[in-house]
Amino acid sequence: MGIPPADEQGRDRTGQAEAFDAIGDRYDEAFPHKDGQIQAGDWLVESLPAGARVLDLGCGTGLPTARQLAEGGLRVTGIDLSPGMLTQARANVPEADFLQADIADIAGDSGPLAAGSFAGVAAFFSLLMLPRDEVPTTLRSIHALLEPGGLLALSMVEADVDYVAIPFLGHTIRVSGYLRDELLQVVADAGFEVIKEDSYAYAPASIDVPPEEQIFLSCRRA
């Protein structure tokens, strides 16, 4: 599935996918210990019936989440903007389906996914790749994709920033973040009940990426 040019979407994604294409599997090397992400994935596996459809939003290489969900007996669809990452994801998790798309375009009449078609969504550090003004709309799209009572496992880096350029593994990407209370409000405003909240101080293996505070939210579509 192709991606319309940024100027046709009214968005600037310049360099985002290209950076991750170039980074490739070095991303997994730079973030080798993903305890919070794995625990959040376990929550989805344990909470959903076998065969339930789940969406891995911003799936990257498919590791660890798409593989974890698939091995847990769930039917996985992965979405990512980077064709290079998707090539690796298809090799790493051949039993899953993968689509190239902007995560802000996942739902609606022109989106690739049908409303109410998923029992669960994993969005691990994918929304931080959007400007803040696109995050609430994307969360509402996730809400629409979930069946009633569907689950969302969400993680963000805690930071008061809006689409700022940062160096990342030898490239430049733009990221956004929220402080904890504001993130909780944005998620609630999108129609989710936060069931559980965890936070982790995380130090990546690469010196090119600074330590960060990660927030994990286990949510239910209200």
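The values are calculated or read from the model by the stated rules, or taken from the named source; none is laboratory data. A quick note: this is a predicted structure, and the numbers were derived from the prediction, not measured. We place every Cβ from the backbone using ideal geometry, glycine too, and count neighbours over all the protein chains shown. Remember, those area values only see protein heavy atoms, side chains included, never the ligands or the DNA or RNA. Shrake-Rupley method; radii C 1.70, N 1.55, O 1.52, S 1.80 Å.
Right, H143: closer than 21 Å to L44 by Cβ and open to solvent by 30 Å² or more (accessible area, probe 1.4 Å) or not? Yes; evaluated as a whole, the condition is true for this residue.
How many residues, within the stretch 91-104, are outside any loop (DSSP other than H, G, I, E, B) and either in contact with an Asp or Glu (Cβ under 9 Å, 6 or more places away or on another chain) or at positive phi (or both)? Steps first, answer last, please.
As a first pass, look at the stretch 91-104 and keep what is outside any loop (DSSP other than H, G, I, E, B): 91-92, 97-100, 103-104.
Pick out the ones that are also either in contact with an Asp or Glu (Cβ under 9 Å, 6 or more places away or on another chain) or at positive phi (or both) and you get 98-100, 103-104.
So the count comes out to 5.
Of the strands (runs of 3 or more DSSP E) lying entirely inside the stretch 117-222, those carrying at least 3 residues that are over 19 Å from D80 (Cα atoms) and β-branched (V, I, T) are 161-168. Only a single criterion out of (1) among the small types (G, A, S); (2) closer than 18 Å to G41 by Cβ; (3) open to solvent by 10 Å² or more (accessible area, probe 1.4 Å) is not satisfied by G149, namely (2).
Does E212 count as without any contact (Cβ under 8 Å) to a residue 40 or more places away in the chain and either open to solvent by 40 Å² or more (accessible area, probe 1.4 Å) or touching a Phe, Trp or Tyr at 6+ places or on another chain (Cβ under 8 Å) (or both)?
Details: without any contact (Cβ under 8 Å) to a residue 40 or more places away in the chain: no; either open to solvent by 40 Å² or more (accessible area, probe 1.4 Å) or touching a Phe, Trp or Tyr at 6+ places or on another chain (Cβ under 8 Å) (or both): yes.
No, not satisfied.
Annotation note: Cβ proximity below 6 Å between a residue of the stretch 175-204 that is without any contact (Cβ under 8 Å) to a residue 12 or more places away in the chain and a residue that is open to solvent by 50 Å² or more (accessible area, probe 1.4 Å) and part of a loop (DSSP other than H, G, I, E, B) (sequence gap 6+ or interchain) occurs for A203/P211. Across the stretch 57-78, a minimum of one residue is classified as β-branched (V, I, T), in a loop (DSSP other than H, G, I, E, B), modelled with pLDDT under 95 and surrounded by 24 or more Cβ atoms within 10 Å (Cβ to Cβ). So is L128 modelled with pLDDT of 95 or more and either within 23 Å of Q39 (Cβ to Cβ) or buried (at least 16 other Cβ atoms within 10 Å of the Cβ) (or both) or not? Answer is no for this residue.
Looking for something among the aliphatic types (A, V, I, L, M) and at pLDDT below 95 - is there at least one such residue anywhere in the stretch 173-191? Scanning the stretch 173-191 turns up at least one residue that is among the aliphatic types (A, V, I, L, M) and at pLDDT below 95.
Take the conditions (1) of a type in the set (V, I, T); (2) modelled with pLDDT of 95 or more; (3) within 28 Å of E182 (Cβ to Cβ); V93 misses just one of them, which is (3).
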